[in-house]
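Structure record follows, encoded as structure tokens.
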Amino acid sequence: MTVDGLPLHPLIVHATVVALPVLAVLSLAYLRPRWRDGLRWPLAGMGVVSAVLMWFTSASGDSLKHDRFSQISGVLAQRIQHHEDLAGKLAVATYTLAAVAVIMTVLRGKLPMPVLWLGSVLLVVGAVGVGVLVVLTGHAGAEAAWAQ
């Protein structure tokens, strides 16, 4: 996947690196009762946007690896594999957090208390997980791209 000859992955990853921390912060902020009404639809929307961006980022990364790095070995191959492993974990964390965020906001007022409690715990764990993994994944990708 390219745009005017440039690989799509390094272009779209920047949008993802912005969206995922915003999703994490909105998820944590949503837990404050006074802010829930105002954050309901922004959180649901950011959940959907983040999941879509994560999919495009993963697909473009797979395409980039296939097009330019399928025949490599050695340290660079290890760095790319490490980045890819972390990206897989980030994708799972992102999709999970996005799903919980959408469910918690769209079905607000219709969920029983135990489900709301579990959803709140998942929002916290997911937000922290996405926050940590986006940094680790980005760092591993930068090392693969720039380290000698």
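Restricting to region 44-54, count the residues that are in contact with a Ser or Thr (Cβ under 9 Å, 6 or more places away or on another chain) and farther than 16 Å from R108 by Cβ.
Qualifying residue count for the region: 4.
When you check L76 against the structure, is it of a type in the set (A, V, I, L, M), assigned to a helix (DSSP H, G or I) and either at pLDDT 95 or above or under 18 Å from the mean Cα position of the chain (by Cα) (or both), yes or no? Walk me through it before giving the result.
Details: of a type in the set (A, V, I, L, M): yes; assigned to a helix (DSSP H, G or I): yes; either at pLDDT 95 or above or under 18 Å from the mean Cα position of the chain (by Cα) (or both): no.
The answer is no for L76.
Where the second residue is in a helix (DSSP H, G or I) and not aliphatic (A, V, I, L, M) and the first is surrounded by fewer than 15 Cβ atoms within 10 Å (Cβ to Cβ) and lies in region 39-58, which pairs have Cβ atoms under 8 Å and are six or more apart or on separate chains?
Partner pairs satisfying both residue conditions: W41/T105.
Scan region 18-43 residue by residue and report those that are part of a helix (DSSP H, G or I) and either among the charged types (D, E, K, R) or under 11 Å from T105 (Cβ atoms) (or both).
Of region 18-43, the ones part of a helix (DSSP H, G or I) are 18-30, 33-43.
Once the filter is applied, which keeps residues that are part of a helix (DSSP H, G or I) and either among the charged types (D, E, K, R) or under 11 Å from T105 (Cβ atoms) (or both), region 18-43 yields L26, S27, Y30, R34, R36, D37, L39, R40, W41, P42, L43.
P21: touching a Lys or Arg at 6+ places or on another chain (Cβ under 9 Å), surrounded by 14 or more Cβ atoms within 10 Å (Cβ to Cβ) and under 21 Å from G141 (Cβ atoms), yes or no?
So P21 fails the test.
Checking the structure you have, find out if any residue of region 61-72 is in a helix (DSSP H, G or I), at pLDDT 95 or above, within 20 Å of P7 (Cα to Cα) and within 14 Å of the chain's Cα centre (by Cα).
yes
The values are calculated or read from the model by the stated rules, or taken from the named source; none is laboratory data. Small disclaimer: the values here were computed from a predicted structure and weren't measured. In this analysis, Cβ positions are derived from the backbone assuming ideal geometry, glycine residues included, and neighbour counts consider all displayed protein chains.
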